[in-house]
Amino acid sequence: MKITVDRDRCVGAGMCAMTAGEVFEQHEEDGRVVLRMTEPPAQLTDDVAEAEQLCPSRAITVDPAAG
Ligand code: SF4
C-alpha cells in the first residue's frame with residue numbers, strides 16, 4: 001500500500017488524523033495534512049482506507065497494490 005496526499009485539495013478537516021493518527025497529522029501552522037509515513041504496515045490498512053473515504057476533499061489517494 002502506498003499513500004499520496006494532495007495538500008492543495010486538503011481543507012484541513014482533520015478526519016484523517018482522527019481516524020489514522022499514526023499515518024496522518026495536521027501541519028501545526030496551516031492545518032493541512034502531513035503524511036507521517038507513505039507505506040504503512042498492514043495492520044493500518046483498514047484505518048487508512050477509512051480515512052480515505054472520510055476525507056471531504058478527496059485529498060487522500062491509496063494505491064493498495066504499491067509498496
Ligand atoms: S481529512 Fe482530507 S481534508 Fe481533512 S485534513 Fe485529512 S486530507 Fe485534509
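The values are calculated or read from the model by the stated rules, or taken from the named source; none is laboratory data. Computed from a prediction, not measured in an experiment: that's the story for all the values here. Here the Cβ positions follow ideal geometry from the backbone for every residue, glycine too, while neighbour counts run over all protein chains shown. Note: areas computed on protein heavy atoms with side chains; ligands, DNA, RNA excluded. Shrake-Rupley method; radii C 1.70, N 1.55, O 1.52, S 1.80 Å.
For the stretch 1-60, GluC sites (Glu not before Pro) are listed when DSSP marks them as loop and at most 12 other Cβ atoms sit within 10 Å of their Cβ; the list is E28, E29. Relative contact order of the chain: 46 percent, from C-alpha pairs under 8 Å at least 6 residues apart in sequence. Once all protein chains are placed together, I60 keeps about 10 Å² accessible to a 1.4 angstrom probe. Against the chain, whose longest principal axis is taken from its Cα atoms, helix 45-54 shows a tilt of about 40°.
From helices alone, the chain scores -6000 deg cm²/dmol at 222 nm; the rule is -39500 (n - 2.57) for each run of n ≥ 4 DSSP H residues, then divide by the residue total.
Could you give the dipole magnitude of the chain about its Cα centre, charging the beta-carbon of Lys and Arg +1 and that of Asp and Glu -1, in debye to the nearest 20? Mind showing how you got there, number by number?
On the way: 6 positive and 13 negative charges, 34 e Å.
That gives the chain a dipole magnitude of about 160 debye.
Here the simple spin-label model places points 7 Å from the Cα toward Cβ, and for T61 and T38 these points are separated by 1.2 nm. A 1.4 Å probe run over the chain, with the rest of the protein chains in place, finds 62 Å² accessible per residue. Overall shape: prolate for the stretch 2-63, with the ratio a/c of the largest to smallest alpha carbon gyration tensor axis at 1.5 or above and a/b above b/c. Projected label points at Q53 and E29, each 7 Å from Cα along the beta carbon direction, are separated by 3.6 nanometres.
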